[in-house]
Amino acid sequence: MRAYVVVPEVRTRQSSAGGPHARSAQARLDEAVGLARAIDLDIVGQGIVRIAEPRPATLIGQGKVEELKGLILAEEIGLVVVDAPLTPAQQRNLERAWNAKVLDRTGLILEIFGERARTREGRLQVELAHLNWQKSRLVRSWTHLERQRGGFGFLGGPGETQIETDRRLIQERIARIEKELESVRRTRGLHRDSRRRVPFPVVALVGYTNAGKSTLFNRLTRAEVLARDMLFATLDPTLRAVRLPGGRRVILSDTVGFISDLPTDLVAAFRATLEEVLEADLILHVRDVSHPDSAAQAADVTAILDRLGVDAEGSGRVLDVLNKVDLLDPVERGRLEASAGRQSGQVRPILMSAVTGEGEAMLLAAIDERLKGEVVHRSIDLEASDGAAVNWIYERCTVVGRSDDAETGRVRLEVDIPISRRDEFDRRFPTSGA
C-alpha cells in the first residue's frame with residue numbers, strides 16, 4: 001500500500017519537552033518511517049508538520065491539511081501514518097479530508113504486533129491490546145480488509161461503513177482473552193517454579209526495539225532466533241540455557257523490544273510475557289550505542305521498566321550492554337570507553353558487538369560475577385551408589401564439577417547452591433566443605 005508518513009511537531013513544547021533526552025523531529029520521522037516499513041508499506045513521501053498548538057478537529061492546521069490533500073491525491077496515497085496519538089474525531093476528520101485511511105502511532109504499533117506475533121499467547125496479548133484500544137476509539141470500521149498479511153486490518157480497503165462497533169461483544173471477547181491469559185500466567189508460574197527446583201538463574205534481555213537483543217541472544221546461546229535489522233523482529237519470548245565461564249548454567253530470555261510512547265494497553269497486555277523480566281535474577285539492558293538517539297532510547301526503556309515495577313537504576317539487577325560498538329568511529333569509541341572506565345564495577349557497562357563477538361567473554365564474566373552473590377559453593381564426597389543423594393543435588397543445585405573414583409566407588413561434586421537452599425543443603429550434607 002502506498003503511504004505517507006507525517007510527524008507533527010508542536011513548537012510550544014520544544015523548549016520544555018522531554019528534558020535532556022528529548023528526540024528531534026527528524027529522529028522521530030526516521031523511526032516512524034521504519035515502523036511503517038516494518039509492515040511492508042510503500043513509503044512514497046514523508047514530512048514534519050510544525051504546529052503552534054494542536055487543533056481539536058484535525059491536530060494539524062487546516063492549511064496543512066489542504067496542502068497534504070493535494071499531494072495525497074496526486075500520488076494516489078491510500079494510507080497516511082500520523083506519528084502522534086489521534087482522537088477518534090481527529091482520525092475521522094482527516095480520513096474524510098484526505099479520502100485515505102489514517103493510522104496514528106498506537107494503531108501502527110498494534111498493526112505491527114498483530115502481524116508479528118507467532119505463538120498463541122502472543123496473538124492473544126496483541127488482540128487484547130487491540131480490543132481495549134478499539135473499545136474506546138473505533139465507532140466505525142473500514143471494510144474490504146486485507147487479511148492475508150496478518151495484523152488487524154487497519155490498513156484495508158477503500159470504503160468506510162456506518163456499522164457501529166458492538167461494545168458488548170468486544171467486552172465479552174476481552175473477558176475471554178483475559179481468562180485465557182490468566183491460564184498462561186499460571187502455566188508460566190509453574191514453569192518458573194520448576195526452574196526454581198532446578199535452580200538456574202534467569203537472565204532477561206531488554207532494550208529498545210532493534211537494539212540487537214536477538215543477535216546477542218543468538219551469539220550467547222548459539223541459537224537460530226530471528227534477528228533482522230527490523231523494528232519488532234521479536235515479539236514472543238524465547239528461553240535458552242547458557243553456560244557461564246565458571247561452569248554454572250543460566251536461562252537467557254529474549255523479550256519484545258520497547259519503544260517510546262508504547263501504548264499503555266500494550267504494556268498491560270504483554271505483562272504475562274514481561275513477567276520473565278520481573279522474575280529475572282539479572283536484566284541485561286541492551287543499547288544500540290551507534291544510534292544517534294541512544295540516550296533517549298535508554299531513558300524510554302528505563303521508564304517502561306519503572307512502569308513494570310523494576311528499579312532499573314537502584315536495584316543492582318540491571319547491567320548495561322553497549323552494543324554495536326563496531327559501528328562507532330574511533331573518536332566516539334574512545335570517548336565511550338573512557339566514560340565506561342570511569343564507572344565503578346557494579347554499574348560499569350559492557351562494550352560489545354553482538355555481530356562480531358567482541359566483548360562476549362567480558363559480558364559472560366560480568367554475568368557470572370553479578371550472579372555469584374546468589375549462590376554459595378560446596379564440595380562434597382558421596383558414594384556413587386547413593387543415587388538419591390546425587391539426584392537431590394542435581395535437581396536442586398548446579399553441579400559445576402564432578403570427578404568419579406572407580407577404585408573407591410565415590411564421586412566428588414563441586415556444587416553451586418542457591419542461597420535459599422543453603423540451610424537445607426547443609427542439614428542434608430553436614431560434612432560438605434566450602
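The values are calculated or read from the model by the stated rules, or taken from the named source; none is laboratory data. Just so it is clear, the structure is predicted and the values come from calculations on it, not from any experiment. Neighbour counts run over all protein chains shown; Cβ positions are idealised from the backbone, glycine included.
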Here the residues within region 395-404 that are touching a strand residue (DSSP E or B) at 6+ places or on another chain (Cβ under 9 Å) and touching a residue at least 12 places away in the same chain (Cβ under 8 Å) are 396, 397, 398, 399, 400, 401, 402, 404
Residue check: is residue 389 surrounded by 15 or more Cβ atoms within 10 Å (Cβ to Cβ), assigned by TED's automatic domain parsing to the domain that holds residue 215 and in contact (Cβ under 8 Å) with a residue 24 or more places away in the chain? no
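Okay, residues lined up against (1) outside the structural domain of residue 6 (by TED's automatic domain parsing); (2) among the hydrophobic types (A, V, I, L, M, F, W, C):
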position: 29; (1), (2): no, yes
position: 54; (1), (2): no, no
position: 74; (1), (2): no, yes
position: 125; (1), (2): yes, no
Filtering region 87-137 down to residues that are more than 19 Å from residue 41 (Cα to Cα) and among the small types (Gly, Ala, Ser) yields 89, 97, 122, 129, 136
Would you call residue 382 under 26 Å from residue 219 (Cα atoms) and touching a residue at least 12 places away in the same chain (Cβ under 8 Å)? no
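Does residue 112 satisfy the criteria of being modelled with pLDDT of 85 or more, among the aliphatic types (A, V, I, L, M) and not assigned by TED's automatic domain parsing to the domain that holds residue 278?
Numbers: modelled with pLDDT of 85 or more: no; among the aliphatic types (A, V, I, L, M): yes; not assigned by TED's automatic domain parsing to the domain that holds residue 278: yes.
No.
Please find, among 39, 43, 51, the residue that is of a type outside the set (Gly, Ala, Ser), touching a helix residue (DSSP H, G or I) at 6+ places or on another chain (Cβ under 9 Å), closer than 28 Å to residue 134 by Cβ and at pLDDT below 90.
On the way: 43 fails: at pLDDT below 90; 51 fails: at pLDDT below 90.
Checking each option against the conditions leaves just 39.
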Among (1) at positive phi; (2) modelled with pLDDT under 90, residue 76 falls short only on (2)
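Scan region 95-103 and tell me whether some residue there is in a strand (DSSP E or B), in the same structural domain as residue 29 (by TED's automatic domain parsing), crowded, with 17+ Cβ neighbours inside 10 Å and out of contact with any Asp or Glu (no Cβ under 6 Å at 6 or more places or on another chain).
Taking region 95-103 as the starting set, the residues that turn out to be in a strand (DSSP E or B) are 101-103.
Keeping just the survivors that are in the same structural domain as residue 29 (by TED's automatic domain parsing) gives 101-103.
With crowded, with 17+ Cβ neighbours inside 10 Å added as a condition, the list becomes 101-103.
Next, from what is left, pick out any that are out of contact with any Asp or Glu (no Cβ under 6 Å at 6 or more places or on another chain): 101, 103.
Yes, that holds for at least one residue.
Is at least one residue of region 390-411 acidic (Asp, Glu) and part of a helix (DSSP H, G or I)?
In the first step, residues of region 390-411 are kept if they are acidic (Asp, Glu); the result is 395, 404-405, 407.
Now drop any that are not part of a helix (DSSP H, G or I), which leaves 395.
Taking every residue of region 390-411 in turn, at least one turns out to be acidic (Asp, Glu) and part of a helix (DSSP H, G or I).
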Residue pairs within 9 Å by beta carbon, gap of at least six or interchain, first lying in region 46-74 and under 19 Å from residue 31 (Cβ atoms), second assigned to a helix (DSSP H, G or I) and β-branched (Val, Ile, Thr), listed first then second, are 46/33
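Looking only at residues in region 320-339 that are of a type outside the set (Asp, Glu) and without any contact (Cβ under 8 Å) to a residue 24 or more places away in the chain, which one is surrounded by the most Cβ atoms within 10 Å (Cβ to Cβ)?
We begin by selecting, within region 320-339, every residue of a type outside the set (Asp, Glu); these are 321-325, 327-328, 330-331, 333-336, 338-339.
The next check asks that each one be without any contact (Cβ under 8 Å) to a residue 24 or more places away in the chain; those that pass are 330-331, 333-335, 338-339.
Values: 330: 7, 331: 8, 333: 16, 334: 11, 335: 12, 338: 9, 339: 11.
So the residue we want is 333.
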Going through region 311-341 in order, the residues found to be at pLDDT 90 or above and part of a loop (DSSP other than H, G, I, E, B) are 324, 328, 329
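Condition first: farther than 30 Å from residue 289 by Cβ, part of a strand (DSSP E or B), within 34 Å of the chain's Cα centre (by Cα) and not charged (D, E, K, R). Can you find one or more residues in region 382-389 that meet it?
First, pick out the residues of region 382-389 that are farther than 30 Å from residue 289 by Cβ: 382-389.
Pick out the ones that are also part of a strand (DSSP E or B) and you get 382-383.
Okay, now just the ones that are also within 34 Å of the chain's Cα centre (by Cα), so none.
No, there is no match, as no residue in region 382-389 is farther than 30 Å from residue 289 by Cβ, part of a strand (DSSP E or B), within 34 Å of the chain's Cα centre (by Cα) and not charged (D, E, K, R).
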